[in-house]
Structures are given as C-alpha cells and as structure tokens.
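No lab work stands behind these numbers, since they all come straight from the coordinates. Just so it is clear, the structure is predicted and the values come from calculations on it, not from any experiment. Every residue, glycine among them, receives a Cβ derived from its backbone with ideal geometry; neighbour counts consider all protein chains shown.
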Amino acid sequence: MSEKTGDTRSDYVHFVTITTRWMDNDMYSHVNNVVYYSWFDTAVNEYLIREGALDLDNGPVVNFVVENQCRFFSPIRFPDTVHCGLRVAHIGCSSARFEIGVFRNDEQQAAAQGHFVHVCCDRATQHPVPMPRAMRTALERIAVRAAEDRP
C-alpha cells in the first residue's frame, strides 16, 4: 500500500454505494486491483445516466476512457460496503477528468483514489466531438479544482 494517505469524504461531491462481492476477493483475501476500475466506471456512468447526460442506447455521443490511474492506501475485503466519491477536476471541449475516492464502510479516509479521463466521441465515427450541453451542465455540478491546484 502507498505511504500517502487518501482524501477524505468531504473532498467529494457525489457518492455511489457499491456492495462488494465474494468473487471480488483475490487469493490474498482482499479486493483485487482490477475491481477498483469497475467501481470507477460504475460511479461515473451512474452519475451521467442519472443526470440525463448519457443515453447508452440511443445517444449520439459515447464516452471513451483514454486515461486512468489508481493509488491504493488500505485494503478492502468482502463483505465491505464501498462508497465511491466522485468529482470532476477538469472539463475541456470534448473531455473531462473524473476523480474518484473509494471509501470502505464508514471510514472517512479513502482506501484508494484515482481518475478517469473521458473523451466524448461520435457514436458512428468514434471520433472526438464537442461535449453535449447536458453533459457539460451535469459535470459542472460536481466540478472542483484539480488535485494539483488544491492546497
């Protein structure tokens, strides 16, 4: 685990609760690292869909993850409950940087945190396009200063 400590719950704007599953544990009896990226995906897309900013079936725009990263601070195990904190650190013309903090049960310090960079692309051509207004509005609601700009 990293020697740095994670953010606290108060550093995040929106939360999604996820129940761990038995199959999430690996042979070391903690949640395997690949599962964290699944939680990131769930937190981001749950927010976009709930806010009406992403139509998975018929929307003209799809979002591709072009960059991701995760830092681990403390283990999570089944049957823990995970609370993924979500914030947006950057909104560009066609891209956004989501930052996600993963909190175990009622702990205030993140067990892990990372980011996803999404690029909005035309569904048919899969080439970048300007971000739709509904998506930009939804992202602005959970926007904060970028981590590198925070004290």
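In segment 1-48, which trypsin sites (Lys or Arg not before Pro) fall in coil by DSSP and have 10 or fewer other Cβ atoms within 10 Å?
When the trypsin sites (Lys or Arg not before Pro) of segment 1-48 are filtered for loop state and at most 10 Cβ neighbours within 10 Å, Lys4 remain.
Hey, could you get me the Stokes-Einstein D for the chain, Kirkwood radius over alpha-carbon pairs, 37 °C and 0.692 mPa s, rounded to whole µm² s⁻¹?
Estimated via Stokes-Einstein, D reaches 206 µm²/s.
Can you give the direction-averaged projected area of the convex hull of the alpha-carbon atoms in segment 70-111, in nm²? Don't skip to the answer; put the middle values down first.
On the way: hull surface 13.9 nm².
Approximately 3.5 nm², given one-decimal rounding.
Relative contact order for the chain: what percent, with Cα pairs under 8 Å and sequence separation of 6 or more?
So the answer I get is 30 percent.
Just how many % of Cα pairs in segment 1-77 lie over 21 Å apart, if you round to the nearest whole percent?
Pairs farther apart than 21 Å: 41 percent.
Taking the 0 to 90 degree range and rounding to the nearest ten, how far is the long axis of helix 33-50 tilted relative to the main principal axis of the chain, both from C-alpha atoms?
Taking the Cα atoms of the chain, the angle to 33-50 is about 40 degrees.
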